[in-house]
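A.B. asks: Structure below; questions to follow.
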Amino acid sequence: MPNRDDLTLYPTADGSITFWSKTFQEAFHSHFGAKQEAQAKFVIPTRIPEKANRLANAATDLSSHTLTSLNILDVCYGLGYNSAAAIESVYSVLVLGKEAADRESSPYLHIVALENNLQVPQQAIAQGLTKIWSPAIDEILQEVATKQQIATTGLQMQLRIGDARQTIATVPERWADAIFLDPFSPPHCPQLWTVEFMQLLANCLKFDGYLVTYSCAAAVRSAMLAAGLTIGSTTPVGRKSPGTIACLSPDLISPLSETEREPLQTRAAIPYRDPTLRDEATTILSRRQAEQSTCSLPSSSSWRKQRFNSA
C-alpha cells in the first residue's frame, strides 16, 4: 500500500473537512459529514460510552493493583477523527473522571491506531482540520501525530505506522472492546477487507466486543462470516445503505434480515483473499475475479432482476 499521497481538502455537509486522496480517488469520509460519520458510524454502534460508564461505576470495586481499560483498535487512523470521537465520548468519565479517583485502580482509555501514511494525520494538524474537536482533544491529536503516542491521566494511545496487515501483530488476542475498520472502499483497498485480515481482527476482539465498519458490501460481510463473526447492520447515516457490525457472541446483535442475507448467495459475496497477507491490490482483485468467473452462484444483477420480477 502507498505511503505517500496527494491530499486535497474536501468539505463535508456537517461543516467538518476531510481529505480527498488522489491515490485512492476517494475521500477519507462521507460527504454527508466527517465528524458525524465518526460518531454515528463507529462510536455509537460499539457502545463505547456505555462501556466507559460501566467501568467507571465498577472502579471502586477494583484493588489498588488492578488496571482496567477500555480498549479500542482503530484500523486506518487517517485524520484521527474516529479516535477523537471515541475520546470525546468518554472524556469526562475516564479521562477527567480519573483525576478524582485512585490513579492506581481507576479505569482508562487505551487506543491502538494503525495507519500506513503518517502524512495524513500530520497534514490534518498542519491545516487545522482537527480544530473541530475541543482544545483538549485537539492537543491529544497533535501530540499523537508528532510523537505517535501519548500517555496522560486516563488515556494511553499509540499510533503504529506501517501496513496494517503486519502492524496488527502488535495487538494482543482478545484485547479490543471495539474495533473501527475504516479503510478505503474494497475495490480500491482490498488488502484490508480479505478473509485473512478479518480473521486477524476477529482474533483481537474480546468475546463481548464489537467490530464496526461503514461497508455493507456482500464480499465484506462474507469475509466476516468466514472469520467466525456474527454480523448485523448498523443504522444508515447520511445515506440509504447501512454499515456492518460484527461480534463473536451471536446474542449481542440483531441478525441480518432475510432481505439482507440474500446478496450473500450471489457472486458479489465471493470474498477477497490474501493468503500471505502481503499481496498487492491488483493480485487480490484478480484472484477474486477469477473465483467469481468459475463459481456457480448467480450474479447480483440477475438476483436483483429476479427479486424485482417477483415483487
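The values are calculated or read from the model by the stated rules, or taken from the named source; none is laboratory data. Bear in mind that the values here come from a model prediction, so they are computed numbers and not experimental data. Cβ placement follows ideal geometry from the backbone for every residue including glycine, while neighbour counts extend to all protein chains displayed.
A.B. asks: Before we move on, is Gln149 out of contact with any strand residue (DSSP E or B) (no Cβ under 9 Å at 6 or more places or on another chain), modelled with pLDDT of 95 or more and closer than 29 Å to Gln127 by Cα?
C.D. replies: Working: out of contact with any strand residue (DSSP E or B) (no Cβ under 9 Å at 6 or more places or on another chain): no; modelled with pLDDT of 95 or more: yes; closer than 29 Å to Gln127 by Cα: yes.
Here the answer is no, as Gln149 does not meet what is asked.
A.B. asks: Still on this model: Determine whether Ala56 is closer than 17 Å to Gln156 by Cα, touching a helix residue (DSSP H, G or I) at 6+ places or on another chain (Cβ under 6 Å) and at pLDDT below 90. Steps first, answer last, please.
C.D. replies: Values: closer than 17 Å to Gln156 by Cα: yes; touching a helix residue (DSSP H, G or I) at 6+ places or on another chain (Cβ under 6 Å): yes; at pLDDT below 90: yes.
So Ala56 fits the description; yes.
A.B. asks: Next question. Looking at Ala124, Ala145, can you tell me which residue is part of a helix (DSSP H, G or I), surrounded by 15 or more Cβ atoms within 10 Å (Cβ to Cβ), in contact (Cβ under 8 Å) with a residue 60 or more places away in the chain and out of contact with any Phe, Trp or Tyr (no Cβ under 9 Å at 6 or more places or on another chain)? Spell out how you get there, then give the answer.
C.D. replies: Details: Ala124 fails: out of contact with any Phe, Trp or Tyr (no Cβ under 9 Å at 6 or more places or on another chain).
So the residue among Ala124, Ala145 that is part of a helix (DSSP H, G or I), surrounded by 15 or more Cβ atoms within 10 Å (Cβ to Cβ), in contact (Cβ under 8 Å) with a residue 60 or more places away in the chain and out of contact with any Phe, Trp or Tyr (no Cβ under 9 Å at 6 or more places or on another chain) is Ala145.
A.B. asks: A further question on this structure: Kindly indicate whether any position in segment 197-220 is over 17 Å from the mean Cα position of the chain (by Cα) and either under 27 Å from Glu280 (Cα atoms) or hydroxyl-bearing (Ser, Thr, Tyr) (or both).
C.D. replies: Yes: one or more hits.
A.B. asks: Same structure, new question: Of the residues Ala268, Ala290, Ala246, only one is under 21 Å from the mean Cα position of the chain (by Cα) and modelled with pLDDT of 95 or more; which? Can you show your working first?
C.D. replies: Working: Ala268 fails: under 21 Å from the mean Cα position of the chain (by Cα); Ala290 fails: under 21 Å from the mean Cα position of the chain (by Cα).
Of the residues listed, the single one that is under 21 Å from the mean Cα position of the chain (by Cα) and modelled with pLDDT of 95 or more is Ala246.
A.B. asks: Consider only pairs whose beta carbons are under 9 Å apart and that are at least six residues apart or on different chains; among these, list those whose first residue lies in segment 28-57 and is touching a residue at least 40 places away in the same chain (Cβ under 8 Å) and whose second residue is of a type in the set (Lys, Arg) and surrounded by 24 or more Cβ atoms within 10 Å (Cβ to Cβ).
C.D. replies: Ser30/Lys41
A.B. asks: Restricting to segment 224-249, and then to whatever is among the β-branched types (Val, Ile, Thr) and surrounded by 17 or more Cβ atoms within 10 Å (Cβ to Cβ), can you tell me which residue is farthest from Glu196 (Cα to Cα)?
C.D. replies: Result: Val237.
A.B. asks: Kindly state which helices (runs of 4 or more DSSP H) lie completely within segment 187-298 and contain at least 3 residues that are under 30 Å from Pro172 (Cβ atoms) and touching a residue at least 60 places away in the same chain (Cβ under 8 Å). Explain how you work it out, then say what you get.
C.D. replies: On the way: elements: 195-204, 218-226, 258-261, 281-294.
It comes to 195-204.
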